[in-house]
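The values are calculated or read from the model by the stated rules, or taken from the named source; none is laboratory data. Everything numeric in this text was worked out from a predicted model, so none of it was measured. Reconstructed Cβ throughout: ideal geometry from the backbone, glycine too, with neighbour counts over all protein chains shown. Each accessible area value is taken on the protein alone, full model and side chains, heavy atoms only, with ligands, DNA and RNA left out. Shrake-Rupley method; radii C 1.70, N 1.55, O 1.52, S 1.80 Å.
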Number of protein chains: 2
Amino acid sequence: LILAPVSPQEFEAELGTVATAVNLLLDALLPDIAADRLQAAMRYAVRGHGKRLRPFLVVQSARLFGVADGLSLRVGAALEALHCYSLVHDDLPAMDNDDLRRGQATVHRKFDEATAILAGDGLLTFAFEVLADPATHPAADVRNALVLALAQAAGAHGMVGGQMVDIEAETKNFSSYAEIAAMQRRKTGALFSFACQAGPIMAGTASGALQIYAEKIGLAFQIADDILDVESSAATLGKATQKDQKMGKATFVDFLGMEKAKTEAQGLVSEAVAALTPFGDDAGMLAATARYIIARRK
Amino acid sequence: LILAPVSPQEFEAELGTVATAVNLLLDALLPDIAADRLQAAMRYAVRGHGKRLRPFLVVQSARLFGVADGLSLRVGAALEALHCYSLVHDDLPAMDNDDLRRGQATVHRKFDEATAILAGDGLLTFAFEVLADPATHPAADVRNALVLALAQAAGAHGMVGGQMVDIEAETKNFSSYAEIAAMQRRKTGALFSFACQAGPIMAGTASGALQIYAEKIGLAFQIADDILDVESSAATLGKATQKDQKMGKATFVDFLGMEKAKTEAQGLVSEAVAALTPFGDDAGMLAATARYIIARRK
């Protein structure tokens, strides 16, 4: 297992390249009537300051299976739209009640609550419309498998179910590391898993190695989020910090302590990189992604 | 054009039969962990007092194209779940702020706002999961066409876009019959159109006749709704009445007057029935559906 090292500089450049491609594609695909309030809100919701990490995972995983970027980028754009819908709804007053997202007003603050609810609904629906479009893949059974996998990842058993558990924890709280981890596997892990399986699906297969990789980096990502929430300022993160602490909701850091949390995240990244062994040097960019996930500053 | 007449009694019996089948199927398909708050809310949102008119249209249209009920009922169940999500979100305080739906507490009143938002998100996602499931149709390209058609009908160009226009009318108001009609074509008409095209899609075709039928009954349905809103009591409808009048929002009845509204609705039903001519006596149940749409008391 010697993976040709991808430097942090090479990784950041590639991350930026894919993000630009995703942004251009979302701009081309999203409905675009300037005077239309809903369409304006949907475009605002996906506006371009995110890292586009999920589409990046789709594109890099897909390359390992010989899938052209032109196809995988469309899946990445659909996934990013769905991710953005979840942020819009999570930010609502009835949910996390956040005013800032990536340093800018959240959709319901920029527009209003009704528009934010509908813009989220529109983005979720848009994601499936893009996946089902023949331009995404020539084979209908592949498009269908993508729709099914994303619906399962995003639905009651996955992301939406995880968000419900997270909200319930505001009153019930979490009782263990395992309980938070189970919630996070659904709330954020399911989309990471989809991101890493989309490439294999587009090649008509599945990848156990990428499934393990996705699970490890998904959990590492969340632990890193909790660490950043303690150690960063709102100015750096572009959103409110220490929200969980303020409402007394337990985090990974609470159960592990700061030092052990960092060790745990590092261990998960090592396991994620080890899972990439079958791909050899081709997986250098995914290995760099895993390392980046706990090294990022926001 | 002599359609074998289906009596109102025969129609009501058939409507009830299909509704029961849809309810059983939704019960079997929806995730079912009793202690899961989200799943409980999703089940509450689709609970069984609706007429299940959209699935009825799917099943009856599909029969004209030789599609088995076992397949069309699954599409009907998916469509009904999506319709119910739209009701849950429309009822939210930030939208129509309704406490009652079909005579029972709306989801955000029975549970809470966060749960209602997530239950709606879950039902929308569930609809696509059901359509993409191989059990819905053996051919992947058919399932894919269903996903694409439903996403287009429910998204920013269709239902969600129409709801945005309707909400904006609370401040801007409508200036003409044509403007309300354009909003309704998106807000409710798009799902009626999908309901009537799903059968042809499942048979690998399309139907211009059913498209015209769907557009006519969709508009007639909305005019009838406005008429009912004036003439019925909250006790009969199971929801608040005269909401539009109370907030000064123009309705079809305002632009046409009550008598002309009734004449218009009747004319649309006649045109809908005329569009069924190519199907002959086989379309008796769809003709009865069109007549029912303006004869219903709620």
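Could you sort B:TYR85, B:TYR44, A:TYR177 by accessible area so the largest value comes first, with the probe set to 1.4 Å?
Values: B:TYR85 5, B:TYR44 35, A:TYR177 55 Å².
Output order, biggest surface exposure first: A:TYR177, B:TYR44, B:TYR85.
Per the accessible-area calculation with a 1.4 Å probe, the total area buried between chain A and chain B rounds to 3600 Å². Comparing the full protein assembly with the isolated chain, the residues of the stretch B:150-167 losing at least 20 square angstrom of accessible surface (1.4 Å probe) are B:ALA151, B:GLN152, B:ALA156, B:HIS157, B:VAL160, B:MET164. Peptide A:126-136 is shielded by partner chain Cβ atoms: per residue, an average of 6 of them sit within 10 Å of its Cβ.
Here A:ASP27 yields copy-to-copy label distances, from shortest upward, of 5.3 nm, the label point defined as 7 Å from Cα along Cα to C-beta. The phi torsions of the stretch B:187-192, fed into the Karplus equation with coefficients 6.51, -1.76 and 1.60 and a -60° offset, translate into couplings of 5, 10, x, 4, 6, 4 Hz, rounded to whole numbers, with Gly and Pro shown as x. For the protein assembly as shown, the solvent-accessible area works out to 37 Å² per residue, with a probe of 1.4 Å and every protein chain left in place. Label-point distances for B:SER232 to the equivalent site in the other copies, using a point 7 angstrom along Cα→C-beta, read 5.2 nm when ranked shortest first. Per-residue Karplus couplings for the stretch B:162-176, computed as 6.51 cos²θ - 1.76 cosθ + 1.60 with θ equal to phi - 60°, are listed in order as x, 5, 4, 4, 5, 5, 4, 5, 5, 10, 7, 6, 8, 9, 7 Hz, Gly and Pro entered as x.
Distance from the Cα centroid of the stretch A:3-78 to that of the stretch B:55-86 is 35 Å (rounded to whole angstrom). Averaging the sequence gap over all C-alpha pairs within less than 8 Å and six or more residues apart, then dividing by the number of residues, gives the stretch A:147-298 a relative contact order of 25 percent.
Compute accessible area for the stretch A:48-97 by itself and then with all protein chains, 1.4 Å probe, and report residues whose area falls by 40 Å² or more. Hits at the 40 Å² cut-off: A:ALA94, A:MET95.
What is the projected area of the convex hull of the Cα atoms of chain A, averaged over all directions, in nm²? Don't skip to the end; give the middle numbers.
On the way: hull surface 57.7 nm².
Taking a quarter of the hull surface, the average projection is 14.4 nm².
Take A:SER7, move 7 Å from Cα toward the beta carbon, and the resulting point lies 8.7 nm from the same point in each other copy, nearest first. Put simply, the amide H of A:GLY155, placed in the peptide plane, has neighbours under 5 Å in A:VAL160, leaving out anything fewer than 5 places away on its chain. When the solvent-accessible area of the stretch A:123-243 is split by element, carbon and sulfur atoms take up 55 percent of it, the probe being 1.4 Å.
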